Amino acid sequence: MDLGLPNFDSELEELGLLAQTAGMTPVARVACKRKAPDAALFVGSGKADEIKALAEETGATEVLFDQSLSPAQQRNLERHIGLPVNDRTLLILEIFAQRARSHEGKLQVELARLQYVSTRLVRRWSHLERQTGGAGVRGGPGEKQIELDRRMIGEAIKRTKERLVKLKKQRQTQRRQRERQGAFTISLVGYTNAGKSTLFNALVKARAYAANQLFATLDTTTRQLYLGNEEGGGRSVSLSDTVGFIRDLPHNLVAAFEATLQEAVDADLLLHVVDAANPNHPEQIAEVQRVLREIGAADVPQMLVFNKIDALPEGQQPRHESDVFELDGLTVPRLFVSSRTGKGLGELRRTLAQAAGPRPGAPAAESPEIQDHHA
Ligand SMILES: Nc1nc2c(ncn2[C@@H]2O[C@H](COP(=O)(O)OP(=O)(O)O)[C@@H](O)[C@H]2O)c(=O)[nH]1
Ligand SMILES: [Mg+2]
């Protein structure tokens, strides 16, 4: 539904890709224009009928909404349409739950899920209340059930948080060790599906999982990146692949992934990877910048990597390997690469070596160019 809000997925393409990532197959898309969402159904009841008919016609087994639904809207829609109804937030939570691999990742998703569920409890039980004791009767079975559920969820949240604090400490110790060794640390950040993992693999010749899916990567992977004798003066840096960002990333997921994203906050340099072939890439850059501010990484020096140039049409091919780009009032270096064909990666290594400065212990050289831009 188009509420006239900034929305760069009017074709629901991203929602479709999210659905596919969660293992579903999109069969139909419906758009709708309204001044304000309907309190009960989110869409008008005529639209809800239309969705119901279309679902029957196409054999859909589930209906997904691109915007957040209130628990009441979700329930009313399910009743009206006769199928499970989910929204973008629930879909993203589901994908995160499916994809989390590491212990820490699983805990983070569990925490976000618990927090999301706890905010929805009250209304979920209100119908029970009406059935048994009339609305608002204190101490009715509904109320008791909510109290019990709340307490259980509250305890689970507390346990999960405690375990995460422990893991965070371990991570800090590891980071301090790296710092002592004088490692220059670089984090790959960017919109989901921009090609971060593919670039990571191409640079470190590792095999981080890359796929045409949203959120293929949830856990941070860190490797030593040797920049080569010729291009990098024998310098090594530490490179991390991180979880991608997405528009309307559920707020408690950002909070839950703080420990993972901390990697980006503490980096010496952020490589902001952009899918240059996606027509929405300006909005995606803005969204990534927004999340970086939110997690406190706005002041970390950045370089933009415009990836997927092999997928650009003939007329839009960049004329240079690099230039500069105006990013939120700062002038930052921009490089054009294809992680797939390897084009531009030599120049990228050279630029990284320059940013990292001389090898610890090596004779001092001129100050690296990247710092000038952020001075
Ligand atoms: N054409 C083209 N596709 C790429 C390039 N880099 C990555 N991809 C594809 O983009 C999709 C997402 O890549 P991935 O590395 O998983 O993105 P991430 O979510 O940012 O880690 C995959 O299908 C990749 O094969 C590139 O340079 N050119
Ligand atoms: Mg990835």
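When the test is whether a residue is of a type in the set (D, E, K, R), touching a strand residue (DSSP E or B) at 6+ places or on another chain (Cβ under 6 Å) and in the same structural domain as Arg349 (by TED's automatic domain parsing), Asp241 passes it.
Filtering segment 298-344 to residues that are of a type in the set (A, V, I, L, M) and touching a strand residue (DSSP E or B) at 6+ places or on another chain (Cβ under 7 Å) leaves Val300, Met303, Leu304, Val305, Ile309, Val324, Leu327, Val332, Leu335, Val337.
Cβ separations smaller than 6 Å between residues 6+ apart or across chains give no pair from segment 330-352 residues that are modelled with pLDDT of 95 or more and surrounded by 22 or more Cβ atoms within 10 Å (Cβ to Cβ) to residues that are among the basic types (Lys, Arg) and not in a strand (DSSP E or B).
Here Glu321 meets the list (1) closer than 20 Å to Ser240 by Cβ; (2) among the acidic types (Asp, Glu); (3) surrounded by fewer than 18 Cβ atoms within 10 Å (Cβ to Cβ) almost entirely, failing just condition (1).
The values are calculated or read from the model by the stated rules, or taken from the named source; none is laboratory data. Note that the coordinates shown come from a computational prediction; the quantities given were computed from them, not determined experimentally. For neighbour counting, all protein chains shown are included, and Cβ atoms are generated from backbone atoms with ideal geometry for every residue, glycine included.
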